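Data first, discussion second: the structure below is written as structure tokens.
Throughout, read-outs are computed from the coordinates displayed, never taken from laboratory work. If you're wondering where the values come from, they're calculated on a predicted model, not measured in any experiment. No Cβ is skipped: glycine too gets one built from the backbone with ideal geometry, and neighbour counts run over all protein chains shown.
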Amino acid sequence: MEIREITVRRMQMKMKQPFTTSFGTMQDKHFLLIEAKDGSGRSGWGESVAFDAPWYSEETVETNWHIIRDFLVPLLLDAEISHPDEVSGLFSSIRKNNMAKAAVEGAIWDLYAKQHDMPLAKALGGTRHQIEVGISIGIQESLEELTAVVRQYLEEGYKRIKVKIKPGKEIEIVAGLRQAFPDIALMADANSAYTLADTPLLKRLDDFGLMMIEQPLASDDIIDHATLQKELKTPICLDESIHSLEDARKAIELGSTKIINIKIGRVGGLTEAKKIHDYCQGKGVPVWCGGMLEAGVGRAHNIALTSLPNFILPGDTAASSRYWEQDIIRPEVVMEDGYITVPNGPGIGYEPDFESIEQFMTDMWTFRRGEPFVL
Ligand code: OSB
Ligand code: MG
């Protein structure tokens, strides 16, 4: 694969509504867009999912920019690779910084698929033509408001409702929603807000038939989750704790998780995501694709990944309109009757909308093979 130049754009977009989790509220979304170009004018696109502040993980937009500029781009523009699966090996001398790595690797995957005139989904081994979609709803002011929001998304067609919970609000939220919607596919995400001392409280959630509880305990834990899972009927799904195939293997062997939320950024890219998918498939562990409030490019990567066969459960990859007045791709991602159609054009299958990209861009740098790095 010939990679001639890499352009990094700093982007700033505002979400339609603020999104609140147990760790904080977000509305302004800052992120990096990566464009990798070959000699024939083709471009592959990637999106960094790190947030402004290190709440969800230790990475931020700023640390991503540092790692991409000072380490990943120089490694890539100095190497010859023939397949995107080689990128993670090339980056293996750099520890962690998975979201930075995934953003660059994502651009290379898109470029590769375009060079071979095939959809990214197909290049990854995807088999689905449409994916089932759920929606993740942030913490609301009151149960009444939450119930109204859930009702609206159910009417739009979303197949699964995920709500954020936090200590002191969980029983009220889950019991209230279950009463209003006895039969829906419902799950709760705690974003690491509890400890083992909360086991009696979390056991009470067993009464409400949740599909799963996502990441109840510490973001770096896989031991206490195994202890908790023994006490709960509700399956535990790990999000924050899983950064690699090795993490997934250990968590599954320990009995810490029965379902895995795969986020491309958190695990360092599509190659690792696919490895986790394949391993889980072999173990009979269902996976689904998590979201990081992505703009169109990241969303398109999630859709391609979700086309793989073991993405059995609906993910968090909702329509563009759920987040943005105007997205940065054309067409934008649409959901119909609870499904998103996997595009069949080359690469991510959506075109970058340059007018929109320019509108939201605050800075841009280009690095070329064989040229010294100047900022
Ligand atoms: O834990 O899955 C999470 C958003 C920001 C940070 C963490 C999470 C989330 C979501 C929203 O749940 C997923 C989305 O709609 O993109
Ligand atoms: Mg989560």
Dipole moment magnitude, nearest 20 debye, the chain about Cα centre, only Lys, Arg, Asp, Glu C-beta charged | 580 debye
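Rounded to two decimals, what ratio of Rg to Rh does region 274-355 give with C-alpha atoms and a Kirkwood Rh?
Radius of gyration over Kirkwood radius for region 274-355 works out to 0.99.
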Which Rg and Dmax, in Å, describe the Cα atoms of region 86-195?
-> 19.8, 52
Could you bin all the Cα-Cα distances of region 156-291 into 5 Å bins starting at 0 and give me the percent of pairs in each, rounded to whole numbers?
-> 2, 11, 22, 23, 20, 13, 8, 2, 0
Pull up all non-local amide H partners of Ile139: gap of 5 or more, or a different chain, and H-to-H distance under 5 Å with H placed in the peptide plane.
-> Thr20, Thr21, Lys164
Longest principal axis of the chain (C-alpha) makes with the long axis of helix 170-180 (C-alpha) an angle, in degrees to the nearest 10, of 80 degrees
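About its Cα centre, what dipole magnitude does region 203-336 give when the only charges are +1 on Lys and Arg Cβ and -1 on Asp and Glu Cβ, stated in debye to the nearest 20?
Here region 203-336 has a charge dipole of around 340 debye.
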Quick one: Cα centre-to-centre distance for region 52-106 and region 154-181, in angstrom?
-> 36 Å
Based only on the alpha carbon positions, what is the Kirkwood hydrodynamic radius of region 38-147, in angstrom?
-> 16.3 Å
Please turn the phi angles of region 288-298 into ³J(HN,Hα) values with the Karplus equation 6.51 cos²θ - 1.76 cosθ + 1.60 (θ = phi - 60°), one per residue in order, whole Hz, x for glycine and proline.
-> 9, 9, x, x, 10, 6, 6, 7, x, 5, x
Quick one: give the max-minus-min coordinate of the C-alpha atoms of the chain along each principal axis, largest first, in Å.
-> 61, 40, 37
Region 350-356 - phi-based ³J(HN,Hα) in whole Hz, Karplus 6.51/-1.76/1.60, Gly and Pro as x | 10, 8, x, 9, 5, 4, 5
